[in-house]
Amino acid sequence: MAAQLKEIVDRLNAEPFNCDLSLVGFDEKDPFELMEILKKVLTFLDPKHDVDLREEKPDAMYQRIAEFLQILGYQCSFDREFQEGLMAGDKNTIHPILYWLLNHLELLRKRAYLAKFCMNLEVPEEFLREEQVFSTHQHYKELQSQFKATHSHVEQERQGRMNPADLQREVQQLDAEREQLAQKIQLLKAKTERDEGFAQLLQVTSMLRKEQEEEARLAEKLAEQKYQLEQTEQLYIERSARLREMREAQMNEGEGSAEAMLKMLSTEVIKGREALQRVRREAEDKMDRLREMDSALSEPPVTKMDIDSLENEIQAMQNEMQSLDEKLNEQNQDSRLAVYKQQANLVAKKKEAVLKDKKTIEDERDILSKELSIKEREYEEMKGHKYMKRDDFKNYAAALRDKSAKFKRLKAELAELRQELAELEKTEQSLKEKDPTPLGLVETEQMLEKASVEKSQVDRAKGKTLDEISAIVQKINTQLKEKKNKLAPQIKALRSIRQNFQQVEVKYLEKKGQYDQAKTFVDAELSKVSTDVKQLEQDVQDSEQNYFELNMQLITAESKLQRANFETRCLRKEEGARHSEEFATLSDQYAAEISKLDEQCRELRKDQKVVKESHEDNLKQKRAFVQLEQLMQIKFKVAKQELQNLAEGRYGGIGASRTVMDASTAGVERLVIE
């Protein structure tokens, strides 16, 4: 399991996904993130899977992914457990799918591309009884077979296409192989001249080659017969459907079955003729379109002078059209159109009047806005601050009310303090009358005098502040009254303008609604026309493509037919009919080349036999030479080291012992090869 996860992470981090995942991070992915990764892989295989998983229903998501996996050939039971695991984003279900997809990515991408066109559409037999459905199904089968043939041809061309450098190298290699084969052929001829059983062996190999060719030809015939069998089965289905219809008509009609069958046949003939005429008309239209395009392509390129001349002609034609319209209007004085003209003139006049009213109201609005800005500037120059708006004035009035309430509260407190002071003074007078100099009264009197002085100062400050506040309030009230008096006529005029503006706005919204409705209708018609135009252009393009393909097939078939006719003339040995100077017919050339290739195959088989017989000895000899080369390298290295030691003057130790040669082995070179 760990190896599987590592393989998945490595392939997701590589091209074309570049997910930059770690093994731990991938293992910790939640179900939604796993489904996003699976969606990315499926989108790479087929762009139709690029959908938002948040908006897609789980059942639709499972249906889409399961059908695609079945098309790709994923081996699974697709049972209830698999469905629940895929819908829930379970690791045990998603990880095997990712592992299989990523290991066969390119093959599955090609399979997904081919599945769009090669998957058979199963149509019930009862629907094939209808002529239109059957013809459409037949056309679908023909297009499918045509796509298969085209795709196989393209694959062959892609595989067989080589660049000139590769071809040149291949030619050189083939030349070298040809020389080698020529030498081997000469050697084999020299060897087989004395061999008595060579002729029998040659006969057996030629018979084997013929049998192989016969087998290939039989395989081709089998494929052709299978194709004919499919065509016959389709024809049988069609004929059986018609027979069933005729029998049903016979059972229903009773005695008049022959007439009913005749009617059915006549209707089928009429339908066939109509279909043939329709096909012919379409072919004629497409041919005309093709001729127009050919003529347009064959014309010389358009220059700026041509464009200028065409623009001048267009301008002249427009002027002529305008003059003709004027003449037509002058001459068109029909009395029946007078009512409609009067209504149109009335509507036009009403429209002009409404537009004039709208223009005058807009002008008045602009004038009033200018006057308002002028008044604001004058107020700023007079008062030093900007004219307050309605919201600012409300805030200012609220603050002023708070200050007036605070002023009333402080005024009440001041009255209470004054009343208390008066009571204290009365108490003091009564105490003085009873005892002028009581004990401790002097200190208390001094403290009271001091407090009274401070209180009087505070009272004076409060009174001054209250007077200032009352003066400010009176001033503000007078200014407000003056401004109200000045703004009263302007406000009255503004109210009337607002009423007019509301009426105009209602008319404007009504007209705007009509305009939006008309615009929506026109846009819908325009989009419909544009889609029709695109569809027609696509049909034209498809028809042109089919035409060119059929033309190429026709040219190829004609060339093959000409070659076959010429070969027939050559086989009949008519005058002047000869394939080449060396061969009379193409069959003779093919037979000569086949015999030459058979001879080369025989020679190559002999060479193969010689190589197989001498392979073990040659391999052993090569192994011995490799060991010899290694031994010589070691000896060279040892000799080089000894020479270096002698040059450096190191004669003791191991180096000296290496320089001493044993008398028993002096001058003897030993080589042991296994």
Self-check item: Lone qualifier among 122, 157 - being at pLDDT below 80, under 25 Å from residue 42 (Cβ atoms) and among the charged types (D, E, K, R)
Solution: 122
Quiz item: Looking at (1) of a type outside the set (Val, Ile, Thr); (2) modelled with pLDDT of 70 or more; (3) in contact with a Leu (Cβ under 8 Å, 6 or more places away or on another chain), which is the only condition residue 426 fails?
Solution: (3)
Practice problem: Working carefully through the options 171, 133, find the one that is outside the structural domain of residue 11 (by TED's automatic domain parsing) and within 30 Å of residue 264 (Cα to Cα). | Solution: 133
Quiz prompt | Scope region 484-539; condition acidic (Asp, Glu) and under 38 Å from the mean Cα position of the chain (by Cα); matching residues | solution = 516, 523, 525, 532, 537, 539
Quiz item: Do we have any residue at all in region 121-129 that's among the hydrophobic types (A, V, I, L, M, F, W, C) and surrounded by 13 or more Cβ atoms within 10 Å (Cβ to Cβ)?
Solution: yes
Self-check item: Residue ranges of helices (runs of 4 or more DSSP H) in region 1-86 with at least 3 members in contact (Cβ under 8 Å) with a residue 24 or more places away in the chain
Solution: 2-13, 31-45, 58-72
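Okay, residues lined up against (1) closer than 22 Å to residue 127 by Cα; (2) modelled with pLDDT of 75 or more; (3) within 41 Å of the chain's Cα centre (by Cα):
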residue: 223; (1), (2), (3): no, yes, yes
residue: 228; (1), (2), (3): no, yes, no
residue: 243; (1), (2), (3): yes, yes, no
residue: 298; (1), (2), (3): no, no, yes
residue: 302; (1), (2), (3): no, no, yes
Quiz prompt | Filtered residue count, region 533-591, keeping only those that are surrounded by fewer than 10 Cβ atoms within 10 Å (Cβ to Cβ) and part of a helix (DSSP H, G or I) | solution = 1
Self-check item: For residue 604: the one exception among (1) under 30 Å from residue 150 (Cα atoms); (2) surrounded by 13 or more Cβ atoms within 10 Å (Cβ to Cβ); (3) modelled with pLDDT of 85 or more
Solution: (1)
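The values are calculated or read from the model by the stated rules, or taken from the named source; none is laboratory data. Since we're looking at a predicted model, the values are computed, not measured. Every residue, glycine as well, gets a Cβ built from its backbone with ideal geometry; the counts of neighbours run over all protein chains shown.
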